[in-house]
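**Student:** Structure below; questions to follow.
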């Protein structure tokens, strides 16, 4: 029982740290982050993150989960995953239909929350998105701490 309590405390600390990193990144303009990645900008105020393991060395069964989320613009999210991948997911061109239709409203979209039990993001009313396409978008538009 004591081990389970320690694990829960440790997990909560990790999630709090992940959210703090995403909040820090959310404050940074995307151009500055890209300039840092390309070695042409100033250093980032983000905490340095240990290098994430190569996807080639990771088990095929492993799927990173969403560990942090921040709204950085209308229909644009900054996401942090459990493997330290961080990037933006831009849904500004998306036209949601059906149960996702309320997400067309920027005010509703901005109510996004982290659902740690599901390992993804969700909105009030139980609407959520699968983490796989979110991960693909974050990898396509990465943020790299200097």
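**Student:** If I filter the range 83-93 for residues that are modelled with pLDDT of 90 or more and surrounded by fewer than 14 Cβ atoms within 10 Å (Cβ to Cβ), do I get at least one hit?
**Tutor:** yes
**Student:** Sort out which residues of the range 58-91 are under 15 Å from residue 129 (Cβ atoms) and without any contact (Cβ under 8 Å) to a residue 40 or more places away in the chain, and write them in order of number.
**Tutor:** Result: 75, 76, 91.
**Student:** Give me the pairs: first residue in the range 110-139 and in contact (Cβ under 8 Å) with a residue 24 or more places away in the chain and on the phi > 0 side of the Ramachandran plot, second residue assigned to a helix (DSSP H, G or I) and crowded, with 19+ Cβ neighbours inside 10 Å, beta-carbon distance under 6 Å, and six or more apart or on different chains, which are they?
**Tutor:** 119/131
**Student:** At pLDDT below 50 and either more than 15 Å from the chain's Cα centre (by Cα) or in a loop (DSSP other than H, G, I, E, B) (or both): does that describe residue 53?
**Tutor:** When the stated conditions are applied, residue 53 passes them.
**Student:** I've got another one for you. Anything in the range 109-129 that is in contact with a strand residue (DSSP E or B) (Cβ under 9 Å, 6 or more places away or on another chain) and farther than 18 Å from residue 78 by Cβ? List them, or say none.
**Tutor:** Of everything in the range 109-129, those that are in contact with a strand residue (DSSP E or B) (Cβ under 9 Å, 6 or more places away or on another chain) and farther than 18 Å from residue 78 by Cβ turn out to be 118, 124.
**Student:** Within the range 96-104, does at least one residue satisfy the condition of being crowded, with 16+ Cβ neighbours inside 10 Å and closer than 14 Å to residue 64 by Cα?
**Tutor:** No, every residue in the range 96-104 fails to be crowded, with 16+ Cβ neighbours inside 10 Å and closer than 14 Å to residue 64 by Cα.
The values are calculated or read from the model by the stated rules, or taken from the named source; none is laboratory data. Please read all numbers here as calculations on a predicted model, not as lab measurements. We place every Cβ from the backbone using ideal geometry, glycine too, and count neighbours over all the protein chains shown.
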